[in-house]
Amino acid sequence: MKNYIERHFDYVWGPDQDSRLASVAPNEVIELQIPISANAPFVLRSRAMRVSYGTGTKAQNNLNHLLLKWANADRKFQSQHFIRQNLLGPYWGQIGNPLPVYPEVFYPQQSHILVNVLNDGASALVNVTLYFRGVELYSVGAVKSYTYPPKFGCLPYVYPQVVTSLAVTTSGAVRNIFTVKTDADFVLRGLQAGLPFSSTPVQEVFIQLKDEDEKPYSSAPVHADVLCGNAGLGAIFPANGTYIKPVGGGPAVPGLLFPEIYLPKNHIFYFDVTRSDAAYAEATTVDYPIQFIGMKVFEK
Amino acid sequence: MIYRPQFAYVTPPGCRDVDFIYYFDGSNTPALNQNFATGLDYSAPTGGIPLTLEQDVPFFWRGLKVSLRATLTNGDPDAYGEPNFTMRLMDNYFNFLSDDMVPAEQYGFPMNPLVFNGQLLTGNPVPLEPEIYCPPGGVLWLFLKFPVTADIDYFPELALYGVKRFKECVQ
């Protein structure tokens with residue numbers, strides 16, 4: 001694949017894409033066919049999944065009862081049976097811990113990711129959303145692909161961004177524009193986001209990254225816990241018949257973008273944010289922080 | 001600069017790298033020997049807290065970790081606080097490492113939960129990529145801003161991870 005440009009991309013498949021995922025009943029099996037874009041082949045390298053947070057504690061109820069099997073482009077499954085997804089890694093691929101897919105799996109344009117979903121619990125799974133993370137492949141010149149100058153110096157750097165007055169429920173995406181400062185280019189490598197010390201619930205926040213031509217880096221908005229990672233402060237995950245706090249998340253393991261996104265000085269980058277917290281009675285409008293983590297590049 | 005894999009740093013010929021941690025708290029940095037729960041504000045660009053490095057050899061700074069001692073019991077850090085504050089750092093050459101103040105739990109506090117299996121402060125240091133060269137005797141600057149909290153006392157700590165680089169014949 002040396003003659004192609006890799007571009008970070010996440011395929012998102014949830015209740016907005018297939019209404020059956022809004023509530024997966026106990027013992028129900030659902031077959032999904034996630035279409036790959038006609039624009040570019042997709043190389044799958046990691047996965048994640050989630051359900052909506054419950055209305056009491058910040059828990060994704062019964063997520064440990066989500067079982068999957070998924071197939072490659074030839075519709076050959078990667079397992080002979082349904083696999084309980086928490087057997088594969090911590091936190092279902094959230095908070096900076098994507099479930100790795102190795103070797104990578106190649107999907108041509110207009111192929112499908114075939115997925116079978118099973119709920120083996122006693123309660124419905126609410127708003128199941130699956131994330132297939134990897135890269136799209138483009139011919140050289142087909143998409144903008146900025147890169148480093150011939151000679152440069154660099155400095156680790158964070159651009160803190162704040163989505164001001166993010167409503168409890170947004171009608172469509174709230175457009176936000178990040179502008180790289182004029183002193184240096186910026187290489188975006190990771191993200192952190194969240195508001196763990198808010199006194200009111202901030203649970204269902206989704207972000208879609210887009211380049212300066214509004215070409216998106218995902219097929220739909222990605223939940224902040226998946227895209228950005230965070231320490232998971234306040235959240236608890238099902239384990240051993242109870243719920244426990246996540247361990248080891250946070251800025252040491254941010255939501256990584258691979259490959260990194262090179263943003264020249266003075267260029268813009270979009271991050272569209274949606275929020276859907278109407279189910280949480282005490283939710284209020286908040287200022288929502290997002291950290292763009294990476295490196296400044298100074299041309300010499 | 002040429003391409004190299006991240007974190008795979010090479011020690012130059014004739015030198016020896018030694019793991020080193022700079023640790024700053026109220027015992028060696030007077031400005032940190034205060035209860036920040038009163039809402040202390042060290043966020044002004046000219047009002048940071050100086051962190052002085054040793055004068056022997058250069059330090060190559062590769063990671064950091066901040067924490068928040070919640071109580072002082074005979075000097076024993078027996079409890080830690082949630083990182084509800086913002087922070088910013090400046091290197092020895094007056095380059096800020098962020099565009100503004102950043103929430104600590106998304107910048108340098110990878111320690112959720114505060115207690116795990118009875119042990120305090122889990123989590124790895126936050127890597128700085130690339131490393132930052134710090135000359136002998138250099139001064140880094142720390143900027144902090146805390147909200148007012150009534151129920152607990154807060155004393156911040158900062159650890160900088162990296163290597164000291166010795167010439168082979170010096171150490």
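The values are calculated or read from the model by the stated rules, or taken from the named source; none is laboratory data. Fair warning: this is a prediction, and the values are worked out from it, not measured in the lab. Positions of Cβ are backbone-derived with ideal geometry, glycine not excepted, and every protein chain shown enters the neighbour counts. Heavy atoms of the whole protein, side chains included, go into the accessibility calculation; ligands, DNA and RNA do not. Shrake-Rupley method; radii C 1.70, N 1.55, O 1.52, S 1.80 Å.
Some notes on this structure:
- Inside the stretch B:82-91, residues that are in contact with a Pro (Cβ under 9 Å, 6 or more places away or on another chain), crowded, with 19+ Cβ neighbours inside 10 Å and assigned to a loop (DSSP other than H, G, I, E, B) make up a count of 3.
- Breaking point among (1) in contact with a Leu (Cβ under 9 Å, 6 or more places away or on another chain); (2) buried (at least 22 other Cβ atoms within 10 Å of the Cβ); (3) away from every other protein chain (no Cβ under 11 Å), for A:Asp225: (1)
- Listed by position, the strands (runs of 3 or more DSSP E) inside the stretch A:1-110 whose residues that are open to solvent by 10 Å² or more (accessible area, probe 1.4 Å) and either within 24 Å of A:Val143 (Cβ to Cβ) or polar (S, T, N, Q) (or both) number at least 1 are A:4-13, A:29-35, A:42-50, A:99-107.
- Test: residue in the stretch A:145-163 that is facing another protein chain (nearest Cβ under 9 Å), in contact (Cβ under 8 Å) with a residue 24 or more places away in the chain and either outside any strand (DSSP E or B) or over 26 Å from A:Met295 (Cα atoms) (or both): yes
- Within the option set A:Ala184, A:Ala167, being modelled with pLDDT of 95 or more, more than 14 Å from chain B (Cβ to nearest Cβ) and farther than 20 Å from B:Phe109 by Cα holds for one residue only, A:Ala167.
- Looking only at residues in the stretch A:159-204 that are of a type in the set (A, V, I, L, M, F, W, C) and surrounded by fewer than 19 Cβ atoms within 10 Å (Cβ to Cβ), the one that is nearest to A:Ala220 (Cα to Cα) is A:Ala173.
- Of all residues in the stretch A:130-144, one or more are part of a strand (DSSP E or B) and either within 14 Å of chain B (Cβ to nearest Cβ) or in contact with a Leu (Cβ under 6 Å, 6 or more places away or on another chain) (or both).
- Of the residues in the stretch B:138-148, none is surrounded by fewer than 17 Cβ atoms within 10 Å (Cβ to Cβ), within 30 Å of A:Val187 (Cβ to Cβ), among the small types (Gly, Ala, Ser) and in contact (Cβ under 8 Å) with a residue 40 or more places away in the chain.
- Meeting the requirement of 1 or more residues that are among the acidic types (Asp, Glu), the strands (runs of 3 or more DSSP E) wholly within the stretch A:165-211 are A:185-193.
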